[in-house]
Amino acid sequence: MNTLFGFTESQIAWFGVTFCVGALMLYMLFIIGQLAWESKAGKFGTFVLYLALALSMVGFIAKLIIEKVIEHHLEGDQVTAVAPLPATHQAATSPPKPSQD
């Protein structure tokens, strides 16, 4: 099993998506606030900036919440993925080609 400093690839990916993207989102909020401050946008302008520019973050946060809810809901269930049919089975179920006698 390939590891990096004792962590698997999936653990590193989970950490990066959860914490690093979260930190980037906080930094983006700071940038939006700085933009509103420097442009002297006022209360309504600041609200519009945060609404327009930070709305895309809501989807990411919702994705994390939905994942946790589904994991909690399916915690005791055995979920199995359905694999596609092998090529030999697909060929056997296709209609036979007419012979050219």
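The values are calculated or read from the model by the stated rules, or taken from the named source; none is laboratory data. Quick caveat, the model's predicted, so the values are computed rather than measured. Positions of Cβ are generated from backbone atoms using ideal geometry, with glycine treated the same way; all protein chains shown enter the neighbour counts. Note: areas computed on protein heavy atoms with side chains; ligands, DNA, RNA excluded. Shrake-Rupley method; radii C 1.70, N 1.55, O 1.52, S 1.80 Å.
See the values below:
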item: Residues satisfying the stated conditions in segment 1-16, i.e. surrounded by 10 or more Cβ atoms within 10 Å (Cβ to Cβ) and at pLDDT below 85; result: Thr3
item: Test: Ser39 is at pLDDT 80 or above, of a type outside the set (D, E, K, R) and over 25 Å from the mean Cα position of the chain (by Cα); result: yes
item: Scan of segment 70-101 for residues that are surrounded by 10 or more Cβ atoms within 10 Å (Cβ to Cβ) and at pLDDT 80 or above, ordered by number; result: Ile70, Leu74
item: Residue under evaluation Ala54, criteria (1) surrounded by 11 or more Cβ atoms within 10 Å (Cβ to Cβ); (2) small (Gly, Ala, Ser); (3) free of Cβ contacts under 8 Å to residues at least 24 places away in the same chain, criterion not met; result: (3)
item: Residue list for segment 31-51, restricted to those being assigned to a helix (DSSP H, G or I), more than 21 Å from Phe19 (Cβ to Cβ) and open to solvent by 50 Å² or more (accessible area, probe 1.4 Å); result: Gln34, Leu35, Trp37, Glu38, Lys43, Phe44, Phe47, Val48, Tyr50, Leu51
item: Close pairs (7 angstrom Cβ cut-off, 6 or more residues apart or separate chains): farther than 22 Å from Leu53 by Cβ in segment 1-25, open to solvent by less than 60 Å² (accessible area, probe 1.4 Å) and modelled with pLDDT of 85 or more anywhere; result: Met1/Thr8
item: Pick from segment 43-71, criterion hydroxyl-bearing (Ser, Thr, Tyr) and under 30 Å from Ala13 (Cβ atoms), ranking: nearest to the chain's Cα centre (by Cα); result: Ser56
